[in-house]
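Everything below concerns the one structure shown next.
The values are calculated or read from the model by the stated rules, or taken from the named source; none is laboratory data. Keep in mind it's a predicted model, so treat the numbers as computed, not measured. A quick note on method: Cβ atoms are made from the backbone with ideal geometry, for glycine too, and the neighbour counts reach across all protein chains shown.
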Amino acid sequence: MKKLPILLFLVTPLFQYAQQYSYKVNLTECKKDRVAVELSCPRLDKDTAYFNFPMTVPGTYAILNYGTYISDFKAFDENQKQLETKKIGANTFKIFPATNIKTITYQVRDSWDSKEKKHKIFEPAGTGFEKGKYFYINNGGLFGFFDNMLLFPFTIEFTKPSDLNGFTSLSCTSKKNNAQIFVAENYHILIDNPILFTSQKDKIIKVANADITVASYYNGNDSAGFYITSKLDSSMQAIEAFVGGTLPISNYNFLNYIVDLRDVGKILLSGNIRLYQYPKIMRKLGNQGFGALEHGTSSSYYLPDFGQNSYSGMVSETAIHEFMHIYTPLSLHSELIGNFNYVNPKMSKHLWLYEGVTEYFSTIIAMQGKLETIENTINHQLKNKIVSSYSYPDSIPFTVMSENVFTKPYLDLYDQVYERGAIMAMLLDFEIMKLTNGEKNLKSVVFELTSLYGKNKSFEEDEIIPMFVKLVHPNLQLFFDNYVVGKTPLDIEGGFKTIGINYQKEKKGIVPSDLLSKENGVIANTGIVINNRIAIKKAEKNNLAGFIIGDKVDRDEVLKCFQKENGDYVAEGDIVKLKVIRKEKEVVLSFPAKFKNGTLKNVFEISKDKTVEQENLFRLWTTGKN
């Protein structure tokens, strides 16, 4: 990838380096959720030109087809004579004769309001327009490029309402009441920097050497920025402690669009959904993709508020993961990402690194930063991922799934990157610590590799695993051969034993009474979880905890109420307490602990008789310090 600009310099006339894509977008004339785009083209020395929109972009791992949302595409020469154009496939326009092409114009349709089902664009990667209120722009949805001209610079001039401000990590060269101009060194940088135009106030967090901007649009009221920032503060401080102070960026933008769904949340958590209410629920929730998408120096969020500012908790849950992508893949990526092919993309084999390692880091950052206890990290965050990991086949190597992720059956296995991929990264961390006697861990190796490569230097697809082995120990190759490239089931039990934690997939013994079971006279809406809370749908009067219909309970707390701080169970008959939300107020239920014989699944026990080596590695894992 690094050689490409040099080759272009050798074969491209020097005058083209002064050329650029000059785009204009008028946000004040948005009609029917469509905006008009005009491009003053760079000079083309060819009879036929191909103008493209991305089939997909880095970080999404799905076909998007942005060109589907482009209409009224026209090209003109310097005399304003319209040239002939023809659409080829979903994303490419053929223009001829192109020698004297001067301008291109077209309309862009809002992807959020689309009825498209086959290749629906995931909302955090899409576009949302509402005149005078907000414009949520992923630049692949608005701006295209000519074949073999990805590395030309871009200037984007937005005409906008005076009360809307554009937030992005792109460089802003001019900002006036009714206009903002942004520039990008090339198309890769343009695509990597979404823009949110909003009238709502931004918030800034200072973290180490970086300014973190929080910009939001909430279609309910103007409170989103405050609540999100209050949640992000502690997450950012935990990241600062994890990385050791200095970040490889100077600025970062959290761009949030929040959907007011408090009326739906009230229905979902009522514990008693009426038949006539289902159409409303489906109308408001159907075909919407809530979530987040990472970029190099920003991340975009499309989240629901089901009540009590639930979106702020959702942001904090995903923010560490999205932010840590500044290391993988921003600063550590293969040539297939560094020189991404937007028209006919080829996917990298290394989702275990880009997503698995990043998700694992987000988990231990929360633990080491004391946002989560050690016990809660093990018995809930990691346990949930382990349980999910068992549902994915070992017969398909992780690298094979990764490089074929656009097609079935691999597409259906993608979500394992956050579950099985994170557990794989954890076991890799344990193995690195064991092989180096705690002198290195996964974090130190990843940071060492990011310093060797960095944002502007890609590794070859088959190069990164040998580099890990070289920096750690020859025996690390066996781990990759077995679990990353191979089909060997993950040795979760053996991995945890390295740091003095005993893990059993199944164990016969005494188990707590299931408070949320028919056996106990309770039926809960277990398929509906908001803010980790589920609602009680039915409850007999003699149920153990004393639930009534409509109570909202944290599903994790249901199990934890039977445990002491060290994880051991209380004694039979001991009075335990459980907090619930009843009629919008918090109340505490007190009841005697009840146990029965049964099978415990995915049981963890922190050994009280660790060896010196286990104790040292346990401390390194839980605190980040030797």
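Restricted to strands (runs of 3 or more DSSP E) entirely inside the range 53-127, those with at least 3 residues that are touching a residue at least 24 places away in the same chain (Cβ under 8 Å) and touching a Cys at 6+ places or on another chain (Cβ under 7 Å) are 101-109. Among the candidates ASN138, ASN165, ASN177, the residue that is modelled with pLDDT under 95, outside the structural domain of TYR257 (by TED's automatic domain parsing) and of a type in the set (S, T, N, Q) is uniquely ASN177. The residue that is farthest from the chain's Cα centre (by Cα), among those in the range 18-29 that are surrounded by fewer than 18 Cβ atoms within 10 Å (Cβ to Cβ), more than 14 Å from PHE154 (Cα to Cα) and not hydroxyl-bearing (Ser, Thr, Tyr), is GLU29.
Are any of the residues in the range 486-501 among the acidic types (Asp, Glu) and assigned to a loop (DSSP other than H, G, I, E, B)? Taking every residue of the range 486-501 in turn, at least one turns out to be among the acidic types (Asp, Glu) and assigned to a loop (DSSP other than H, G, I, E, B).
LEU544 meets the conditions (1) over 23 Å from THR377 (Cβ atoms); (2) surrounded by 21 or more Cβ atoms within 10 Å (Cβ to Cβ); (3) not basic (Lys, Arg) in every case but one. The failed one is (2).
Just to be sure, is LYS541 among the basic types (Lys, Arg) and without any contact (Cβ under 8 Å) to a residue 24 or more places away in the chain?
Numbers: among the basic types (Lys, Arg): yes; without any contact (Cβ under 8 Å) to a residue 24 or more places away in the chain: yes.
Against the criterion (among the basic types (Lys, Arg) and without any contact (Cβ under 8 Å) to a residue 24 or more places away in the chain), LYS541 qualifies.
Of all the listed residues (ILE510, ILE501, ILE534, ILE548), the sole one being touching a Ser or Thr at 6+ places or on another chain (Cβ under 6 Å) and either farther than 30 Å from LYS349 by Cα or of a type in the set (S, T, N, Q) (or both) is ILE534.
Residues that are part of a loop (DSSP other than H, G, I, E, B) and over 13 Å from PHE242 (Cβ atoms) within the range 343-371 comprise VAL343, ASN344, PRO345, LYS346, MET347, SER348, LYS349, HIS350, listed in sequence order. Of all residues in the range 445-477, those being surrounded by fewer than 17 Cβ atoms within 10 Å (Cβ to Cβ), assigned to a helix (DSSP H, G or I) and of a type in the set (S, T, N, Q) number 2.
Yes or no: PHE496 of a type in the set (Phe, Trp, Tyr) and under 23 Å from SER607 (Cβ atoms)?
Answer is yes for this residue.
When GLU157 is tested against (1) under 28 Å from the mean Cα position of the chain (by Cα); (2) modelled with pLDDT of 95 or more, just one condition goes unmet, and that condition is (1). Taken together, the residues in the range 70-85 that are farther than 30 Å from TYR257 by Cβ and touching a strand residue (DSSP E or B) at 6+ places or on another chain (Cβ under 6 Å) amount to 9. Give the range 314-335 a look and list any residue that's of a type in the set (A, V, I, L, M) and in a helix (DSSP H, G or I), or say none. Correct list: MET314, VAL315, ALA319, ILE320, MET324, ILE326. Go through the residues of the range 570-588 one by one and say whether even a single one is of a type outside the set (Val, Ile, Thr), touching a residue at least 24 places away in the same chain (Cβ under 8 Å) and touching a strand residue (DSSP E or B) at 6+ places or on another chain (Cβ under 6 Å). There is at least one residue in the range 570-588 that is of a type outside the set (Val, Ile, Thr), touching a residue at least 24 places away in the same chain (Cβ under 8 Å) and touching a strand residue (DSSP E or B) at 6+ places or on another chain (Cβ under 6 Å). Among the residues of the range 147-167, those that are touching an Asp or Glu at 6+ places or on another chain (Cβ under 9 Å), over 15 Å from TYR134 (Cβ atoms) and crowded, with 18+ Cβ neighbours inside 10 Å comprise PRO153, PHE154.
With respect to the numbered conditions (1) at pLDDT 95 or above; (2) at positive phi, which one is the sole condition not fulfilled by ASP33? It is condition (1) that ASP33 fails. In the range 293-313, the residue that is modelled with the highest pLDDT out of those that are assigned to a loop (DSSP other than H, G, I, E, B), out of contact with any Phe, Trp or Tyr (no Cβ under 6 Å at 6 or more places or on another chain) and more than 18 Å from LEU353 (Cβ to Cβ) is PHE306. Residues that are at pLDDT below 90, in a loop (DSSP other than H, G, I, E, B), outside the structural domain of ILE530 (by TED's automatic domain parsing) and in contact with a Lys or Arg (Cβ under 9 Å, 6 or more places away or on another chain) do occur in the range 275-290. Screening the range 377-418 for residues that are among the small types (Gly, Ala, Ser) and in contact (Cβ under 8 Å) with a residue 60 or more places away in the chain and picking the one that is surrounded by the fewest Cβ atoms within 10 Å (Cβ to Cβ) gives SER395. No other residue among PRO5, PRO42, PRO58 is outside the structural domain of PHE406 (by TED's automatic domain parsing), surrounded by 21 or more Cβ atoms within 10 Å (Cβ to Cβ) and at pLDDT below 95 apart from PRO58.
Pairs linking a residue in the range 26-50 that is more than 17 Å from TYR69 (Cβ to Cβ) to a residue that is small (Gly, Ala, Ser) and part of a loop (DSSP other than H, G, I, E, B), with Cβ atoms under 7 Å and 6 or more positions apart or on different chains, are LEU44/ALA98; LYS46/ALA98; ASP47/ALA98; THR48/ALA98; ALA49/ALA98. Each residue in the range 86-101 was checked for being under 25 Å from ASN341 (Cα atoms), surrounded by fewer than 18 Cβ atoms within 10 Å (Cβ to Cβ) and in contact with a strand residue (DSSP E or B) (Cβ under 8 Å, 6 or more places away or on another chain), and 6 of them qualify.
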